1. Any residue in region 168-179 that is in contact (Cβ under 8 Å) with a residue 24 or more places away in the chain sitting within a Cβ distance under 8 Å of a residue that is within 7 Å of the ligand (Cβ to nearest atom) and in a helix (DSSP H, G or I)? List the pairs, counting only those 6 or more apart or interchain.
2. Given the conditions (1) in a helix (DSSP H, G or I); (2) without any contact (Cβ under 8 Å) to a residue 40 or more places away in the chain; (3) more than 16 Å from the ligand (Cβ to nearest atom), and given that residue 220 satisfies all but one, which numbered condition is not satisfied?
3. Pairs only if they're at least six apart or on different chains, beta carbon under 6 angstrom, first in region 405-419 and over 17 Å from residue 294 (Cα atoms), second assigned to a helix (DSSP H, G or I); list them, first residue then second.
4. Among 142, 123, which is farther than 18 Å from residue 226 by Cα, surrounded by 17 or more Cβ atoms within 10 Å (Cβ to Cβ), more than 16 Å from the ligand (Cβ to nearest atom) and not assigned by TED's automatic domain parsing to the domain that holds residue 232?
5. So which of 248, 214, 261 ends up being buried (at least 22 other Cβ atoms within 10 Å of the Cβ), at positive phi and either modelled with pLDDT of 95 or more or within 13 Å of the ligand (Cβ to nearest atom) (or both)?
6. Kindly indicate whether residue 316 is in the same structural domain as residue 268 (by TED's automatic domain parsing), touching a residue at least 24 places away in the same chain (Cβ under 8 Å) and out of contact with any helix residue (DSSP H, G or I) (no Cβ under 8 Å at 6 or more places or on another chain).
7. Looking only at region 200-211, filter to residues that are buried (at least 18 other Cβ atoms within 10 Å of the Cβ) and either assigned by TED's automatic domain parsing to the domain that holds residue 99 or touching a residue at least 60 places away in the same chain (Cβ under 8 Å) (or both); which one of those is farthest from the ligand (Cβ to nearest atom)?
8. Any residue in region 287-305 that is in contact with a strand residue (DSSP E or B) (Cβ under 9 Å, 6 or more places away or on another chain), within 14 Å of the ligand (Cβ to nearest atom) and closer than 16 Å to residue 335 by Cβ?
Ligand code: SF4
C-alpha cells in the first residue's frame, strides 16, 4: 500500500536572527517529534525545520505546522503555499490555541490545546475526507505519552530535548504555561523518561519542562527519581533545565541534579523588587524573598551548577529609574548568565488582556506584527517609560551587561563559584547567545563564541 505523506513544519521567527550564527543554541521542535510518534505506520513523515533550512515546498498529503506567537506570521506564510496547492494544513501550538479565530483564516484545521488526544481522530477524519475546522485537545495524563521521534530531528542539532512534566499551578500574569498546559502538574512515569533519555544520541540535553522541580514534595521526588535513575543507569548527559527559585531549597535534589549532569538552570527571577513581583503575581519568588536571591544562587553554584537568571524590563510598576536599578542589580548580582526581555503581552495571558483593554498595545498590524512578539521588541506603550527610552535601553544592556570584558570576568567568577569549567562555559555561552540575539546576530568582535562552544561540547 502506498504510504500517505505528512509534512510537519517548524517555522522560523525573526528572533532567531541572532541564533542563526549560533546553531548550538537551538533546540529541536519536540511537539512535532511527539506528533510524529503518534502517527501510524501507514504515513511517511518528514519534519521540515527552518531552524536550519529555508522552507522549500515539498509535496505532501497533509501538513502540520506548530508555532509560538513570534513565528505565527511565518507559519501562516508557509501554510499559504500548501493551501494554494489544495493540501490541507493543520496548525497547533500556543498561538493557534490562544487565537483560534485568527488561525482559522490562514489554515484549514486548528488544534486548540494539547494535540495528543485528538491527533489520531484528525488523521482518521482526513482519511475519511471529513476534516473538521477545529479540534479541542484534552490535557491527558502523561502515563501513555510516547517518546518523541528524535530520529526525525535535523542532524545538526547539538542539543536534544525531552519533557518530564507539564503544567504549572502558579498564575504569573505574563505567562501562557498555566493557560495552555493547565494548572495541574502532570508527571511522566520515571522509567518512560529514562528509557527515552537512553535512546537519545545527543550528549547535551535540554529538559523543556517549565519547572522541572514543581512546587511540592511529590513533584520534587519525581525530579529526584529521574536524576537518580540517570545515575543508576549510567546515562551520561550534560543537561540544562528551567526551574523555579525553590530549586535551591533542597540539597539532596541539587546533589542528584549535579551528579546526573546538570550544568545550568534557568530561573525566572524577573525583578529584584517586591512591588514588581506582586504586580505580576510571581508568588514563588515572593515566597523566597528578594533579599534571599543571592544566597539561593550561591547554594546552587556550590553544587557545580551555574544560574541563568531571566529578567523582565518594562514591568507595570517600572519607572525609568527602575530600568537602571534592574540593570545594576544584574551587574552586581551573582547570576552567571542573564536573559533579559521586555514585557510582552502574549495572547492568552492576563497581561495581554490588561494592555488590550487599556488600548496600550502598539504593534497591532496582525499577523505581520506577531513576529515582534519575541520578548525583545517594544509592542506596548508603557505607562511610565517613554518608548524611545526603552528602545535606547537595549543598547545600554548590550554595552554593559554583555560586553566582552564583562563576559570574560563572569566566566572567571562562575568558574570560581561552581568550581566547574563546564558549568562556566555553559553560562558564558548562554550570555553570548543572548548578546548576539539582542545585538542582531553580531558575534563578539574577533571572537567566535560558536566555534569555542561547539568544540567544547564535542569533548
Ligand atoms: S512564569 Fe513559571 S511559575 Fe509563573 S506561571 Fe509561568 S511557568 Fe509557572
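The values are calculated or read from the model by the stated rules, or taken from the named source; none is laboratory data. Not measured: the values here are computed from a predicted model. Neighbour counts run over all protein chains shown; Cβ positions are idealised from the backbone, glycine included.
1. Close Cβ pairs satisfying both conditions: 168/177; 168/178; 169/178; 170/178; 170/284; 171/178; 172/178.
2. (3)
3. 407/431; 411/424; 411/428
4. Exactly one residue qualifies, and that residue is 123.
5. None of the others qualify; the one that does is 214.
6. Numbers: in the same structural domain as residue 268 (by TED's automatic domain parsing): yes; touching a residue at least 24 places away in the same chain (Cβ under 8 Å): yes; out of contact with any helix residue (DSSP H, G or I) (no Cβ under 8 Å at 6 or more places or on another chain): no.
Spelling it out, it is not the case that residue 316 is in the same structural domain as residue 268 (by TED's automatic domain parsing), touching a residue at least 24 places away in the same chain (Cβ under 8 Å) and out of contact with any helix residue (DSSP H, G or I) (no Cβ under 8 Å at 6 or more places or on another chain).
7. Selected residue: 204.
8. Scanning region 287-305, I find no residue that is in contact with a strand residue (DSSP E or B) (Cβ under 9 Å, 6 or more places away or on another chain), within 14 Å of the ligand (Cβ to nearest atom) and closer than 16 Å to residue 335 by Cβ, so the answer is no.
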